[in-house]
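First comes the structure, then the notes that go with it.
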Amino acid sequence: MHHLTGSCHCGNIEITVGLPKPPADYRPRACDCIFCTKHGAAYVSDPAGRLGIVVNERSQAQEYSQGSGTARMLLCRKCGVQMAGLYRDGPRLFAAINVRMIDGAAVFGESLPASPRKLSPAEKVERWKQLWFPDVTFEVTG
């Protein structure tokens, strides 16, 4: 497992990522919706991987729903960084992380364009369940 860490600019939201393949084997998905384009986001995930999210100050974290309203975007209110896309299915939390939040020298493959806005909400959910990290841990410490 390849272990990576990351955070928003101010450190309020931290991530730990476990990828079964080397980062260079992944091609982040650059969503073409207006929200993701304006944030310069490209997402990486692996259904065989692990993702942990820790929010140090809950009042400074925000979830924002846009588009079909099916997924929510996790942002830091302190520094404005967009961290991840989240989808809740009962007790399960699925997520894809904005690759730009990962610290250090992890080198990912070239981004691929993605256009989920062309999918119905049901098609989006099916796609997320196939591609995103399943059973994400989400911890609030303060």
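Inspection of the stretch 99-108 finds no residue satisfying the criterion of being over 20 Å from Gly18 (Cβ atoms), out of contact with any Phe, Trp or Tyr (no Cβ under 9 Å at 6 or more places or on another chain) and touching a residue at least 12 places away in the same chain (Cβ under 8 Å).
Give the residue that is nearest to Val107 (Cα to Cα), with candidates limited to residues of the stretch 31-64 that are among the polar types (S, T, N, Q) and either within 14 Å of the chain's Cα centre (by Cα) or crowded, with 16+ Cβ neighbours inside 10 Å (or both). So that I can check it myself, show each step before the final result.
Kept after step one, since they are among the polar types (S, T, N, Q), are these residues of the stretch 31-64: 37, 45, 56, 59-60, 62.
Filter once more, so that each one left must be either within 14 Å of the chain's Cα centre (by Cα) or crowded, with 16+ Cβ neighbours inside 10 Å (or both): 45, 56, 60, 62.
On the way: Ser45: 14, Asn56: 27, Gln60: 29, Gln62: 28 Å.
The selected residue is Ser45.
State the number of residues belonging to the stretch 49-79 that are of a type outside the set (Ser, Thr, Tyr) and either over 22 Å from Glu139 (Cβ atoms) or part of a strand (DSSP E or B) (or both).
Here is the first cut: in the stretch 49-79, the residues of a type outside the set (Ser, Thr, Tyr) are 49-58, 60-63, 66-67, 69, 71-79.
Within this subset, residues satisfying the condition of being either over 22 Å from Glu139 (Cβ atoms) or part of a strand (DSSP E or B) (or both) are 50-55, 61-63, 66-67, 69, 72-76.
So the count comes out to 17.
For the stretch 1-21, does any single residue satisfy the condition of being modelled with pLDDT of 90 or more, charged (D, E, K, R) and in a helix (DSSP H, G or I)? No, that holds for no residue.
The values are calculated or read from the model by the stated rules, or taken from the named source; none is laboratory data. A quick note: this is a predicted structure, and the numbers were derived from the prediction, not measured. Quick reminder, even Gly has a Cβ in these numbers, built from the backbone with ideal geometry, and neighbours come from all protein chains shown.
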